[in-house]
1. For Gln27, enumerate residues with amide H under 5 Å from its amide H, sequence gap 5+ or separate chain, H modeled in the peptide plane.
2. State the percentage of accessible surface on the chain attributable to carbon and sulfur atoms; use a 1.4 Å probe and exclude ligands, DNA and RNA.
3. Please check which bits of the stretch 66-89 a label hung off Thr25 would reach, taking the label as a point 7 Å along Cα-to-C-beta and the cut-off as backbone N under 20 Å.
4. Where does each of His74, His26 land when they are ordered by accessible area, with a 1.4 Å probe and the largest first?
5. For Met1, what accessible area in Å² do you get when you roll a 1.4 Å probe over the heavy atoms of the protein chains, rounding to the nearest 10?
6. Please compute the length gained on full extension between Lys65 and Asp14, using 0.36 nm multiplied by the number of residues separating them and subtracting their Cα-Cα distance.
7. Given a 1.4 Å probe and the protein chains all in place, what does the accessible area of Lys65 round to, in Å² to the nearest 10?
8. With a 1.4 Å probe and all protein chains left in place, how much accessible area per residue does the chain have, in Å²?
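The values are calculated or read from the model by the stated rules, or taken from the named source; none is laboratory data. In this text the structure is predicted, and so the values were computed from the model without any measurement. Cβ placement follows ideal geometry from the backbone for every residue including glycine, while neighbour counts extend to all protein chains displayed. Areas reflect the complete protein model, heavy atoms only, side chains present, ligands, DNA and RNA absent. Shrake-Rupley method; radii C 1.70, N 1.55, O 1.52, S 1.80 Å.
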Amino acid sequence: MIIRSQDKKTITTDLNLCVYEDEWTHQFEVSNNIGMELGLYSTEEKAIKVLDMICEAYCRMEDIKCGAVQAQKHDSFCFDMPSDEEVEV
């Protein structure tokens, strides 16, 4: 699965993702294990919700690949990181 950053400038297939608080801005960053920023969120709960969304998208993709479910028009193998405003907790 491909993950595209909020600013649309970065694409990664690395699923080793983490959430940490930026000491300067007090925002919560979702990044991969080499420090590539994928998205910034106002709360830790929103950042964790985005990780949940990535997990759901990945599981759906795997189900499609193995034939467990049929692909729909809206299905994608690319996850676009949502903005802070798009995430509801």
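1. Result for Gln27 returns Asp22.
2. On the way: 3000 of 5930 Å².
The value for the chain is 51 percent carbon and sulfur by accessible area.
3. 80-89
4. So the residues, ranked largest to smallest area, are His74, His26.
5. 30 Å²
6. On the way: separation 51, 0.36 × 51 = 18.36 nm, distance 1.85 nm.
Working it through step by step, the gained length comes to 16.5 nm.
7. Here the accessible area works out near 130 Å².
8. Here the residues of the chain average 67 Å² of exposed surface.
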